[in-house]
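The values are calculated or read from the model by the stated rules, or taken from the named source; none is laboratory data. Computed from a prediction, not measured in an experiment: that's the story for all the values here. Don't worry about glycine lacking a Cβ; one is built from the backbone with ideal geometry, like all the others, and counts go over all protein chains shown.
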């Protein structure tokens with residue numbers, strides 16, 4: 001799905017349940033959590049999870065401080081309430097099916113603040129897989145104020161401006177500005193979000209007391225007539241940005257060192273290989289040269305002289321010394 005189709009589908013999600021817009025859109029998964037966290041300090045007297053069908057409301061779970069949690073029989077084997085004893089009243093599903101898509105209401109009755117409600121839509125749509133425009137990087141200080149400015153030029157009246165936080169499997173509505181300047185906040189952001197919804201003014205969003213969990217992707221969608229302008233922001237804390245910078249610098253240095261080692265190994269291996277190859281060529285030539293130098297030129301070069309051992313020569317010499325020599329002389333007279 002292209003990005004324009006992605007935004008058109010998102011506009012279809014602007015369905016209201018009993019006059020309220022959807023606070024969160026969640027992607028259906030086999031194991032799925034519908035988050036419901038009460039943001040105030042009032043005392044919770046009762047909580048209920050309800051599925052809002054087209055024709056009726058279906059009770060799923062009810063919590064009471066004195067009586068605990070009750071799960072309806074239809075959901076008992078695959079649904080439970082997370083951390084029911086605290087302000088967290090999230091609903092956790094296992095073994096979901098297509099029948100679990102639809103609208104859910106987390107309704108919390110408190111004293112003295114009264115009713116607090118959050119509407120969640122579960123969908124199988126592939127809008128979560130659609131690509132987004134390149135976000136603008138934004139770094140802010142923990143505990144400070146996150147400020148995001150939405151710049152748009154629709155060439156005419158602005159019908160609405162919507163701010164959202166985008167996650168892998170959910171889309172949170174932060175605030176919706178109507179044509180009349182009215183503002184409607186998402187249940188999770190109402191306590192710490194500031195915005196000026198005056199028409200014909202570029203929209204600026206402020207989230208107070210920025211925390212590490214607020215890091216992520218934010219999007220502003222402005223619509224008017226048949227036009228739509230979109231801006232997105234990749235928001236992170238200064239500490240996270242510093243950690244990532246240090247990580248990438250260290251990673252780059254390690255990668256450069258590893259590349260240098262690999263190059264040295266390749267160079268040394270190449271030199272050794274060529275030396276061995278050259279030595280193999282030289283050795284046969286030296287053998288040929290050596291055999292040529294030691295070969296006789298012809299048969300005359302061979303020696304027929306057989307040496308006599310020293311002992312034989314000494315015996316012969318001794319025998320010659322001890323042998324009597326007889327000489328025949330002619331008699332001469334005077």
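None of 101, 96, 110 is in contact with a strand residue (DSSP E or B) (Cβ under 9 Å, 6 or more places away or on another chain), under 24 Å from residue 193 (Cβ atoms) and either at pLDDT 95 or above or surrounded by 13 or more Cβ atoms within 10 Å (Cβ to Cβ) (or both) except 110.
Within region 62-109, the set of residues being assigned to a loop (DSSP other than H, G, I, E, B) and closer than 20 Å to residue 38 by Cα comprises 65, 66, 67, 83, 84, 85, 86, 87, 89. Of the set (1) without any contact (Cβ under 8 Å) to a residue 12 or more places away in the chain; (2) assigned by TED's automatic domain parsing to the domain that holds residue 37, all apply to residue 185 but (2). Summed over region 198-217, the residues that are at pLDDT 90 or above and either over 29 Å from residue 124 (Cβ atoms) or over 28 Å from the mean Cα position of the chain (by Cα) (or both) give a count of 9.
Taken together, 121, 160 contain a single residue that is touching a residue at least 60 places away in the same chain (Cβ under 8 Å) and within 14 Å of residue 23 (Cβ to Cβ), which is 121.
For every residue, the table says whether it meets (1) more than 29 Å from the chain's Cα centre (by Cα); (2) under 14 Å from residue 167 (Cα atoms); (3) at pLDDT below 50.
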{"position": "4", "(1), (2), (3)": "no, no, yes"}
{"position": "9", "(1), (2), (3)": "no, no, yes"}
{"position": "16", "(1), (2), (3)": "yes, no, yes"}
{"position": "19", "(1), (2), (3)": "yes, no, no"}
{"position": "22", "(1), (2), (3)": "yes, no, no"}
{"position": "25", "(1), (2), (3)": "no, yes, no"}
{"position": "30", "(1), (2), (3)": "no, no, no"}
{"position": "38", "(1), (2), (3)": "yes, no, no"}
{"position": "41", "(1), (2), (3)": "yes, no, no"}
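A single entry from 178, 105 fulfils the requirement of being more than 15 Å from residue 231 (Cβ to Cβ) and in the same structural domain as residue 220 (by TED's automatic domain parsing): 178.
The residues listed here are 133, 137; of these, the one that is more than 16 Å from residue 170 (Cβ to Cβ) and either in contact with a helix residue (DSSP H, G or I) (Cβ under 6 Å, 6 or more places away or on another chain) or in a strand (DSSP E or B) (or both) is 137.
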